[in-house]
1. Evaluate the range 41-48: report whether one residue or more is within 26 Å of GLY181 (Cβ to Cβ), polar (S, T, N, Q) and modelled with pLDDT of 85 or more.
2. Can you tell me which residue in the range 109-161 is farthest from the chain's Cα centre (by Cα), limited to those that are among the hydroxyl-bearing types (Ser, Thr, Tyr) and in a helix (DSSP H, G or I)?
3. Give all pairs with beta carbons closer than 7 Å in which a residue from the range 17-40 that is free of Cβ contacts under 8 Å to residues at least 24 places away in the same chain meets a residue that is in a helix (DSSP H, G or I); count only pairs at least 6 apart in sequence or on separate chains.
4. Suppose we filter the range 18-61 for residues that are among the aliphatic types (A, V, I, L, M), open to solvent by 10 Å² or more (accessible area, probe 1.4 Å) and farther than 15 Å from ILE94 by Cβ; how many remain?
5. Between VAL176, VAL150, which is without any contact (Cβ under 8 Å) to a residue 60 or more places away in the chain, open to solvent by less than 40 Å² (accessible area, probe 1.4 Å) and out of contact with any Leu (no Cβ under 8 Å at 6 or more places or on another chain)?
6. Of all residues being of a type outside the set (Val, Ile, Thr) and in contact with a Pro (Cβ under 7 Å, 6 or more places away or on another chain) in the range 89-125, which is most open to solvent (accessible area, probe 1.4 Å)? Just the residue, please.
7. Which of the residues that make up the range 8-62 are farther than 20 Å from LEU151 by Cα and not in a helix (DSSP H, G or I)?
Amino acid sequence: MCTGKCSRCVGLSLISLSLVCIVANALLLVPDGKTWSTNQLSLQVLLMAGFIGGGLMVLCPGIAAVRAGGKGCCGTGCCGNRCRMLRSIFSSAIGMLGAIYCLGVSGAGLQTGPKCLVDDKWDYHFQETGGAYLFNRTQWYLCEEPPNVVLWNLSLFSLLVVVSCLEIVLCGIQLVNATVGFLPHLFSDLYSCSNLFFSEPKNLKLTFTH
């Protein structure tokens, strides 16, 4: 498969995954489908890792990868494709950082647990368990408000973890793919320039003035 078609496939996949992250992050802001104040939401939710990291920071590389794909292997002109591949290299690196940020925050959200109301106190009541609450369903129903917040956060943060891992892999693939698509054109240009510079001049006329 040529680098152009590979870029297009990876780009479309990244765009889809970034939209999943944005939707998942939006749902985290409304546990049980209701709006809550910021002091009733966990820090990991407010960090907007799915919206910023796995979302926007991956959406841009996805679009860049699709554009780098162009038409077939070379897009519209080799020069234009070379520039798009170069942009895709940098944007893929940024996308990988965004996906890593999303993975880190989502993993912390799973380990810490949600912020909820227990015995008239809003706090991280599962923080001291070190993530053991995930395997004890009886503790999930200790939270009085928001209702079913543990299952809500568990489902959405788990989704973000899986999606961000896929984004890291795809951004890495596109980083390599775009580099492979860019370097041959660069070496070809350097080779052409060197041939032009070192070739013997033809039809060169020297004029001497007395």
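The values are calculated or read from the model by the stated rules, or taken from the named source; none is laboratory data. This structure is a prediction, so every number in the text was calculated from the model and none was measured. No Cβ is skipped: glycine too gets one built from the backbone with ideal geometry, and neighbour counts run over all protein chains shown. Quick note on the areas: whole protein, heavy atoms, side chains included, nothing else; ligands and nucleic acids left out. Shrake-Rupley method; radii C 1.70, N 1.55, O 1.52, S 1.80 Å.
1. Scanning the range 41-48 turns up no residue that is within 26 Å of GLY181 (Cβ to Cβ), polar (S, T, N, Q) and modelled with pLDDT of 85 or more.
2. Ranking the candidates gives THR138 first.
3. If the second residue must be in a helix (DSSP H, G or I), the pairs left are LEU29/VAL45; THR38/LEU46.
4. So the answer is 13.
5. Criteria check complete, one pass: VAL150.
6. Going residue by residue through the range 89-125, those that are of a type outside the set (Val, Ile, Thr) are 90-93, 95-99, 101-104, 106-111, 113-117, 119-125.
Of the ones still in play, those that are also in contact with a Pro (Cβ under 7 Å, 6 or more places away or on another chain) are 91-92, 95, 116.
Working: SER91: 19, SER92: 0, GLY95: 0, CYS116: 0 Å².
Among residues in the range 89-125 that are of a type outside the set (Val, Ile, Thr) and in contact with a Pro (Cβ under 7 Å, 6 or more places away or on another chain), the one most open to solvent (accessible area, probe 1.4 Å) is SER91.
7. Selection gives nothing.
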